[in-house]
Structures are given as C-alpha cells and as structure tokens.
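For reference, the structure discussed in these notes is given below.
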Amino acid sequence: MNPLALTGGIACGKTTAGHFLLEAGFSHVYDTDAICHDLYEKPTPDLIAGMRKNWGDDVVPPDRRIDRAALSKRLFAASDRAAAFASLNALVHPAVEQRLHELMVRDAVGENELVLVEVPLLFEIGWETKYSHTIAVWMPREMQIERLMARNGLTCEDAESRLDVQMSTDAKLARADFGLINNGGLDHLRKQCFELAAHLRSTLFSSK
C-alpha cells in the first residue's frame, strides 16, 4: 500500500499529530522538510550539478553544502521568480522522492503497514496523487496566529502576513480525505489520531 500523506498549515500541529499517529500504530513517519534539509546539507551529485548550472558555483561551495543564503539571493533577484522557484522545485522534488524511497527500503517497510509522510505543501505542489490517502491538520486562523507569535516571536501583523501567502487550513481540510481538528488540547488531538489509526487499520486491511 502507498503511504498516507499528512499536511496542514504552519503552526497547526502537524509534527505533534505525526507523533500521535506513530504512537497509535503507524509503523513509520517521514518528514519531507527534514529530508529536504538533509539534502541541502548533503546534496546528491545531480542536485549539486543542477544548482551550479542554474545559479553558479558559489551556491554550492567547496564543502559541498548548499548555501541557502546565496541560493535565496539568486532566487529573489531573478527577473522571473516563479520560473526560478519552478526550476528549484524541479531539482529538489525528485531528490526528496528518491531519498524517501531509499529510507523506506532501508526500513523494510511492509505492504501491510501504515506509513505516513508529512508534506506541508502537499496540495500546493500537486503531490496528493502520490499517496493512498491524505490527512489534514486543521486549526482556526486565530489560533495559528497566536501560536506563530508565541513560537516565532512575530508580531500579529507579521504572523497574518505569513498566513496570507499560504493555502488556508480550511482549503487543505476541504481537499483532504481525513481531517484532524486541532482546536483543543493535546488530549483532544491525540484521541482523534488514535481513532483515525484504528479506522484506517479496519478499512484498509480488512480484506487482507
């Protein structure tokens, strides 16, 4: 069975939900943001070649780590930012998929296991078709703002600006197969995660 995907807006509690789902019976949880970060620290030869071809040698210095600051400067200075970011995604996304596949092979993921992949921008990059089912963590916008202010030290205006450029939690929830409503305490979210894991085991593996 293909893995399931977990998504949600910034500061909605995706990582916490992933921990609860692992506790509830998922065998593995993979984080594509963590994979991407690792690839920037230890890029593949193809990723290095693509970065240097598109943005110059100084984006990948001799230590072979991708210089995020130099890359960001190139991207935002591009005359066509959309095209620049599309080029970046065309390099990074296949590398993330390949690394994810390697991790699953390493972990000997079985056919009858519940496996979760956290993809924050799941719908934005069109990856929902790669997974058997999608799960969205939903939180009211006002709670997102409060969490962003507390967690990142942002002003209310800065927090709202960050949310304004992202797909809303309402939109993500509407597109997902399952939703986790994170508008209460941790126990409330944990209970939903256990209920969802039990439902998935009974429906996905009932005929096996």
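The values are calculated or read from the model by the stated rules, or taken from the named source; none is laboratory data. Every value quoted in this text rests on a predicted model; they were computed, and no experiment measured them. Positions of Cβ are generated from backbone atoms using ideal geometry, with glycine treated the same way; all protein chains shown enter the neighbour counts. These area figures cover heavy atoms from the full protein model, side chains too; ligands, DNA and RNA do not enter into them. Shrake-Rupley method; radii C 1.70, N 1.55, O 1.52, S 1.80 Å.
Before moving on, here are some points about what is shown:
- Test result for ALA24, under 17 Å from GLY126 (Cα atoms), crowded, with 17+ Cβ neighbours inside 10 Å and among the aliphatic types (A, V, I, L, M): no
- Residues being open to solvent by less than 90 Å² (accessible area, probe 1.4 Å), in contact (Cβ under 8 Å) with a residue 12 or more places away in the chain and among the charged types (D, E, K, R) are entirely absent from segment 196-207.
- Single condition LEU4 does not satisfy, out of (1) out of contact with any helix residue (DSSP H, G or I) (no Cβ under 7 Å at 6 or more places or on another chain); (2) open to solvent by 30 Å² or more (accessible area, probe 1.4 Å): (2)
- Scope segment 46-91; condition part of a loop (DSSP other than H, G, I, E, B), under 22 Å from ILE35 (Cα atoms), modelled with pLDDT of 90 or more and open to solvent by 70 Å² or more (accessible area, probe 1.4 Å); matching residues: ARG65
- Tally of residues being touching a residue at least 12 places away in the same chain (Cβ under 8 Å), surrounded by 14 or more Cβ atoms within 10 Å (Cβ to Cβ) and farther than 22 Å from HIS19 by Cβ across segment 154-170: 7
- Segment 35-58 residues that are over 13 Å from VAL92 (Cβ atoms), paired with ones that are open to solvent by less than 70 Å² (accessible area, probe 1.4 Å) (beta carbon under 6 Å, 6 or more apart): ARG52/VAL60; ASP58/ALA70
- The listed residue being touching a residue at least 60 places away in the same chain (Cβ under 8 Å), farther than 18 Å from PHE26 by Cα and loosely packed, with under 13 Cβ neighbours inside 10 Å, out of ARG151, ARG147: ARG151
- Every residue from segment 96-133 that is over 27 Å from SER202 (Cα atoms), open to solvent by less than 60 Å² (accessible area, probe 1.4 Å) and in contact (Cβ under 8 Å) with a residue 12 or more places away in the chain: VAL96, ARG99, ILE125
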